[in-house]
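The values are calculated or read from the model by the stated rules, or taken from the named source; none is laboratory data. Since this is a predicted model, take the numbers as computed values, not measurements. In this analysis, Cβ positions are derived from the backbone assuming ideal geometry, glycine residues included, and neighbour counts consider all displayed protein chains. Protein only, heavy atoms only, side chains kept; ligands, DNA and RNA dropped before computing areas. Shrake-Rupley method; radii C 1.70, N 1.55, O 1.52, S 1.80 Å.
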Amino acid sequence: MENSNGNVLELIVKQEEPILVKPEIETEKGLYFLSNLDQNIAVIIRTVYCFKSEGKGNENCAEVIKNALEKVLVHYYPLAGRLMISPEGKLIVNCTGEGAVFVEAEANCGMEEIGDITKPDPHTLGKLVYDIPDAKNILQMPPLVAQVTKFKCGGFVLGLCMNHCMFDGIGAMEFVNSWGETARGLPLSVPPFLDRTILKSRNPPKIEYVHQEFAEIEDKSNTSSLYKEEEMTYKSFCFDPEMLEHIKTKALQDGVIDKCTSFESLSAFVWIARTKALNMKPEQQTKLLFAVDGRAKFNPPLPKGYFGNGIVLTNCICQASELSEKPLSYGVGIVQDSIKMVTDSYMRSAIDYFEMTRARPSLASTLLITTWSRLSFHSTDFGWGEAILSGPVALPEKEVILFLSHGKQRRSINLLLGLPASAMEIFQELVQI
């Protein structure tokens with residue numbers, strides 16, 4: 001990590017002993033049902049939110065955030081429980097009321113010296129998120145862990161460690177923003193809807209679609225060995241509105257499709273570039289997975305404030321040669337087709353598919369795009385103004401690419417990814433516009 005003078009600065013964070021923050025009043029106890037849409041994304045997500053002091057100082061920031069957590073956990077009481085496995089082999093929450101883990105910490109520098117957090121940096125940013133010592137699996141980790149780190153400049157960082165099975169990006173955003181509203185003495189603008197039984201599997205379960213997100217693809221191009229043999233390089237690429245418009249224009253120029261969104265065109269664009277960068281064999285099949293928000297796809301739609309995962313993975317599969325040799329419109333077209341698949345029937349078919357198979361999506365020869373660009377994490381405010389920066393500590397898997405909104409008006413998209421060093425060089429050349 002380099003500061004503005006070009007000197008290397010080692011971030012040192014002194015953590016106090018962790019404490020348990022329980023809901024302010026007694027909350028419901030017992031087992032809390034998680035839906036089948038929650039089961040397949042039980043991964044730990046670590047994020048950081050940076051706040052300037054704006055003359056207010058950071059002396060009491062940890063106390064304010066901790067006290068607000070006690071209050072907001074009354075509404076989100078499952079986050080104060082612990083994960084366990086049900087007799088049916090599913091993740092479920094035991095609402096014990098034990099509490100979320102909370103840690104106060106201090107850094108040895110100003111916040112501007114921690115470097116660029118617009119790209120994952122587990123070595124540096126990882127110090128701003130508390131990890132449970134000796135935790136060997138997700139059952140040994142509480143659903144919510146928070147660390148507040150004070151910096152010498154008067155700013156502070158909130159580092160969160162949360163399990164994706166508890167909520168998707170929209171649900172997490174609503175929780176964190178509710179936490180901030182509570183800290184500012186405001187009522188919750190979006191109270192959580194906690195009942196996940198509305199997404200129970202049908203009886204009997206019924207599969208109506210071919211769920212290729214679970215399909216195992218043979219790695220004929222030996223990309224897995226490339227990942228093992230070469231050091232992973234992580235980079236971020238910023239696509240401003242003009243660049244995004246250029247990609248859309250390129251996708252429309254042959255007249256095969258008559259319209260497309262920035263997400264559709266950029267997803268196809270980076271899928272093609274990554275496929276070429278990894279030098280996949282022409283006959284190699286490649287898969288693209290991405291999440292579609294199903295809240296409005298259900299009939300009736302999920303209630304406002306639904307606390308859980310309302311997303312489903314949809315998929316595109318084709319040969320590397322088709323993707324690499326055909327115009328951009330081809331890739332955009334199959335992305336659009338996969339989005340159109342997501343209906344109420346598709347969502348319920350996905351719920352039933354897990355009920356019958358307990359299968360998990362395969363990531364072999366796959367690119368998984370996670371989109372945070374439409375989430376307003378930047379609007380989180382605990383009383384020190386909105387977060388000036390927010391982002392992930394690390395990408396959860398080597399196959400994952402992350403889209404983040406960027407810039408003052410959030411109209412640019414920051415693309416974060418990791419690739420073997422040789423592939424990253426090629427990818428960088430291919431995405432130059």
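Mind checking the alpha-carbon convex hull of the chain and giving the volume per residue in Å³? Provide the component values of the computation, followed by the final result.
Details: hull volume 67.0 nm³, N = 433.
Per-residue hull volume (Cα only) is 155 Å³.
Would you mind checking which residues have amide H under 5 Å from LEU144's amide H? H placed 1.01 Å from N; only 5 or more apart, or other chain.
Here VAL101 satisfy the definition.
What whole number of Å gives the distance from the Cα centroid of the stretch 184-223 to the Cα centroid of the stretch 373-425?
22
Could you give each residue of the stretch 235-246 its phi-based ³J(HN,Hα) in whole Hz, using Karplus coefficients 6.51, -1.76, 1.60 with θ = phi - 60°, and x for Gly or Pro?
9, 10, 10, 9, 10, 7, x, 5, 5, 4, 5, 4
As an exercise, find the ratio Rg/Rh for the stretch 188-264 from alpha-carbon atoms, using the Kirkwood inverse-distance average for Rh. Display every interim value, and only then the final one.
Details: Rg = 21.6 Å, Rh = 19.1 Å.
Result for the stretch 188-264 is an Rg/Rh of 1.13.
Along the three principal axes, how long is the stretch 282-433 when you take its alpha carbons, biggest first, rounded to the nearest angstrom?
53, 41, 28
Quick check for you: which residues of the stretch 127-141 have the amide N under 12 Å from the point 7 Å beyond the Cα of ARG360 toward its beta carbon?
Label zone hits: 137-139.
Over the stretch 213-332, what is the mean sequence separation of C-alpha contacts under 8 Å (at least six apart), divided by residue count, expressed as relative contact order in percent? Walk me through the numbers on the way to the answer.
Values: 123 pairs, mean separation 39.5, N = 120.
Relative contact order of the stretch 213-332: 33 percent.
If amide hydrogens are placed 1.01 Å from N in the peptide plane, which non-local residues have theirs closer than 5 Å to the one on ASN108?
Residues meeting the amide H criterion: ILE12.
Given only helices, namely DSSP H runs of n ≥ 4 each adding -39500 (n - 2.57), what is the per-residue ellipticity at 222 nm of the chain, to the nearest 500 deg cm²/dmol?
Taken over the chain, the calculation gives -8000 deg cm²/dmol.
What are the ³J(HN,Hα) couplings of the stretch 325-335, residue after residue, when phi is run through the Karplus curve with 6.51, -1.76, 1.60 and θ = phi - 60°? Round to Hz, x for glycine and proline.
Values per residue, Gly and Pro as x: 9, 7, x, 4, 4, 5, x, 4, x, 6, 5 Hz.
Please find the FRET efficiency linking SER225 to LYS259, where r is the Cβ-Cβ separation and R0 is fixed at 41 Å, and quote it to the nearest 0.05.
Working: r = 40 Å, r/R0 = 0.99.
The value I calculate is 0.50.
Would any residue of the stretch 147-172 have its amide N under 15 Å from a label point 7 Å out along Cα→Cβ of ARG410? List them or say none.
169-172
Given LYS281/LYS326; LYS22/LYS136; LYS136/LYS235, which pairs have Cα atoms separated by over 21 Å? Display every interim value, and only then the final one.
Details: LYS281/LYS326 15 Å; LYS22/LYS136 24 Å; LYS136/LYS235 29 Å.
As for pairs spanning more than 21 Å Cα to Cα, those are LYS22/LYS136; LYS136/LYS235.
Go from 0 up to the bin containing the longest alpha carbon distance in the stretch 218-338, width 5 Å each, and give me the % of pairs per bin.
Whole-percent P(r) values from 0 Å outward: 2, 10, 17, 17, 17, 16, 12, 7, 3, 0.
Under 17 Å from a point placed 7 Å out from the Cα of ILE198 along the Cα-to-Cβ direction: which residues of the stretch 295-330 have their backbone N that close?
In the stretch 295-330, the label zone of ILE198 (backbone N under 17 Å from the point 7 Å along Cα→Cβ) covers 295-312.
How large a share of the accessible area of the chain, in percent, is made up of carbon and sulfur atoms when the probe is 1.4 Å and the other protein chains stay in place? Let's see the in-between values first.
Numbers: 9490 of 19120 Å².
Here it works out to 50 percent.
Step through the residues of the stretch 348-358 one at a time and calculate ³J(HN,Hα) from phi using the Karplus curve (6.51 cos²θ - 1.76 cosθ + 1.60, θ = phi - 60°), rounding each to whole Hz and writing x for Gly and Pro.
Computed from phi, the couplings for the stretch 348-358 are 6, 5, 5, 4, 5, 4, 5, 4, 8, 10, 6 Hz.
What is the Rg over Rh value, at two decimals, for the stretch 306-377, using alpha-carbon atoms and the Kirkwood definition of Rh?
Details: Rg = 14.7 Å, Rh = 14.7 Å.
Result: Rg/Rh = 1.00.
Give the dimensionless ratio obtained when the Cα radius of gyration of the stretch 14-84 is divided by 2.2 N^0.38 Å. All intermediate terms of the calculation are to be shown ahead of the outcome.
Numbers: Rg = 15.8 Å, N = 71, 2.2 N^0.38 = 11.1 Å.
Working it through for the stretch 14-84, the quotient is 1.42.
Return the lysines within reach of LYS297: Cα separation strictly under 28 angstrom, same-chain partners fewer than 8 residues apart disregarded; answer none if there are no such residues.
In chain and number order, the partners are LYS90, LYS200, LYS206, LYS248, LYS259, LYS287, LYS340.
Straight-line reach only, C-alpha to C-alpha below 20 angstrom: list the lysines that LYS152 could link to, leaving out same-chain residues fewer than 8 apart.
LYS14, LYS52, LYS56, LYS127
Need the C-alpha centroid separation for the stretch 67-83 versus the stretch 272-341, integer Å.
Centre-to-centre distance over Cα atoms comes out at 35 Å.
ASN279 versus ASP116, label points 7 Å from Cα toward the beta carbon: distance in nm?
In this crude spin-label approximation the distance works out to 2.7 nm.
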